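Trainee: Would you mind keeping the following structure in view while I ask a few things?
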Amino acid sequence: MVVNSNRYSVHRCLLLLGLLSCSAVAFAHGIARSDQAFVQGNTGMQLIPFIYLGAKHMVTGYDHLLFLAGVIFFLYRLRDVAIYVTLFAVGHSTTLLTGVLGGIYADPYIVDAIIGLSVVYKAFDNLDGFQHVFGFRPNPRAAVLFFGFFHGFGLSTKLQQFAISADGLVANMLAFNVGVEIGQLLALSLILVFFNLWRTSGNFLRHAWHANVLLMTAGFILMGYQLTGYIVS
């Protein structure tokens, strides 16, 4: 009975991960129309609303969550989780702020395709693909920081599509970034709870390969979706 219960838990975990992977295409870097209207119609400092918008984006940003899930997949110590998440936050925050405030623009389809690539990279890394295929493994911390830059830049390209008021822009973007980090902590907490429950089932390592194949598949789908958008547009 315990074995059946464990198998049921693991299958539910894999199903949830699969649904999250498929949802990535529909919601990656999406900004609701009501939020778009608020951003475009905002004037002056609106710190609390922008904190809310930032947190909402991160919690519903499935591309971010898939990458974070891959990053912490085999991290068992909170200290290691904190190091990697901090590196991701540094990269994310840097390009979010410099992109919007500095007027640095790139095609959003290309940036989002690279974000999809980050999911592929991390899943491939978790499968020891680099070691088996190329005989070496890229520095995982440097890679998380590197892809963090693109995750933040992806959001900045979306915000740049709206006529954001220059009045209070710096304060509002700082507030938005604070919200993003709050949302990241909330989402990360849920992901950690999910992994801890999965690991206690006793079948975590047995199903880790399948889960990372799902992650890689989601990353390829994201890449294809964005590259198709780039070609069509």
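The values are calculated or read from the model by the stated rules, or taken from the named source; none is laboratory data. Bear in mind the structure is a predicted one, so any value in this text is a computation, not a measurement. A quick note on method: Cβ atoms are made from the backbone with ideal geometry, for glycine too, and the neighbour counts reach across all protein chains shown.
Trainee: Any residue in region 51-74 that is under 16 Å from the mean Cα position of the chain (by Cα) and of a type in the set (Lys, Arg)?
Mentor: The answer is yes; a qualifying residue exists.
Trainee: Same structure again: Filter region 170-191 down to residues that are surrounded by 16 or more Cβ atoms within 10 Å (Cβ to Cβ) and over 22 Å from Ile115 (Cα atoms) and give me whichever is modelled with the lowest pLDDT.
Mentor: By that ranking, first place goes to Asn172.
Trainee: Hey, can you tell me all the residues within region 59-105 that are under 22 Å from Leu174 (Cβ atoms) and of a type in the set (Phe, Trp, Tyr)?
Mentor: Within region 59-105, Phe88, Tyr105 qualify.
Trainee: Shifting gears a bit: Using beta carbons and a limit of 6 Å, which pairs, at least six apart or on different chains, have the first residue in region 215-229 and closer than 19 Å to Ile110 by Cβ and the second one among the acidic types (Asp, Glu)?
Mentor: Hits for this filter: Gln226/Asp112.
Trainee: Looking at the structure I just gave you, is Val71 in contact with a helix residue (DSSP H, G or I) (Cβ under 7 Å, 6 or more places away or on another chain), within 30 Å of Arg206 (Cα to Cα) and at pLDDT 95 or above?
Mentor: On the way: in contact with a helix residue (DSSP H, G or I) (Cβ under 7 Å, 6 or more places away or on another chain): yes; within 30 Å of Arg206 (Cα to Cα): yes; at pLDDT 95 or above: yes.
So Val71 passes the test.
Trainee: Run down Val25, Val81, Val10, Val90 and say which single residue is touching a helix residue (DSSP H, G or I) at 6+ places or on another chain (Cβ under 6 Å), modelled with pLDDT of 65 or more and β-branched (Val, Ile, Thr).
Mentor: Matching residue, one of Val25, Val81, Val10, Val90: Val81.
Trainee: Condition check: assigned to a helix (DSSP H, G or I), more than 18 Å from Ile72 (Cα to Cα) and either free of Cβ contacts under 8 Å to residues at least 40 places away in the same chain or over 15 Å from the mean Cα position of the chain (by Cα) (or both). Does Asn177 satisfy that? Talk me through it step by step, then tell me what you get.
Mentor: Details: assigned to a helix (DSSP H, G or I): yes; more than 18 Å from Ile72 (Cα to Cα): yes; either free of Cβ contacts under 8 Å to residues at least 40 places away in the same chain or over 15 Å from the mean Cα position of the chain (by Cα) (or both): no.
For Asn177, the condition - assigned to a helix (DSSP H, G or I), more than 18 Å from Ile72 (Cα to Cα) and either free of Cβ contacts under 8 Å to residues at least 40 places away in the same chain or over 15 Å from the mean Cα position of the chain (by Cα) (or both) - is not met.
Trainee: Looking only at region 141-172, which residues are under 11 Å from the mean Cα position of the chain (by Cα) and of a type in the set (D, E, K, R)?
Mentor: none
Trainee: Moving on. In region 190-207, is there at least one residue being under 30 Å from Met45 (Cα atoms), without any contact (Cβ under 8 Å) to a residue 60 or more places away in the chain, out of contact with any strand residue (DSSP E or B) (no Cβ under 7 Å at 6 or more places or on another chain) and not in a helix (DSSP H, G or I)?
Mentor: Within region 190-207, none of the residues are under 30 Å from Met45 (Cα atoms), without any contact (Cβ under 8 Å) to a residue 60 or more places away in the chain, out of contact with any strand residue (DSSP E or B) (no Cβ under 7 Å at 6 or more places or on another chain) and not in a helix (DSSP H, G or I).
Trainee: Restricting region 196-233 to residues that are small (Gly, Ala, Ser) and more than 14 Å from Tyr62 (Cα to Cα), which is surrounded by the fewest Cβ atoms within 10 Å (Cβ to Cβ)? Before the answer, list the steps.
Mentor: First pass over region 196-233, keeping only residues small (Gly, Ala, Ser): 201-202, 208, 211, 218-219, 224, 229, 233.
From what's left, more than 14 Å from Tyr62 (Cα to Cα): 201-202, 208, 211, 224, 229, 233.
Working: Ser201: 18, Gly202: 14, Ala208: 16, Ala211: 22, Gly224: 13, Gly229: 15, Ser233: 8.
Filtering region 196-233 for residues that are small (Gly, Ala, Ser) and more than 14 Å from Tyr62 (Cα to Cα), the one surrounded by the fewest Cβ atoms within 10 Å (Cβ to Cβ) comes out as Ser233.
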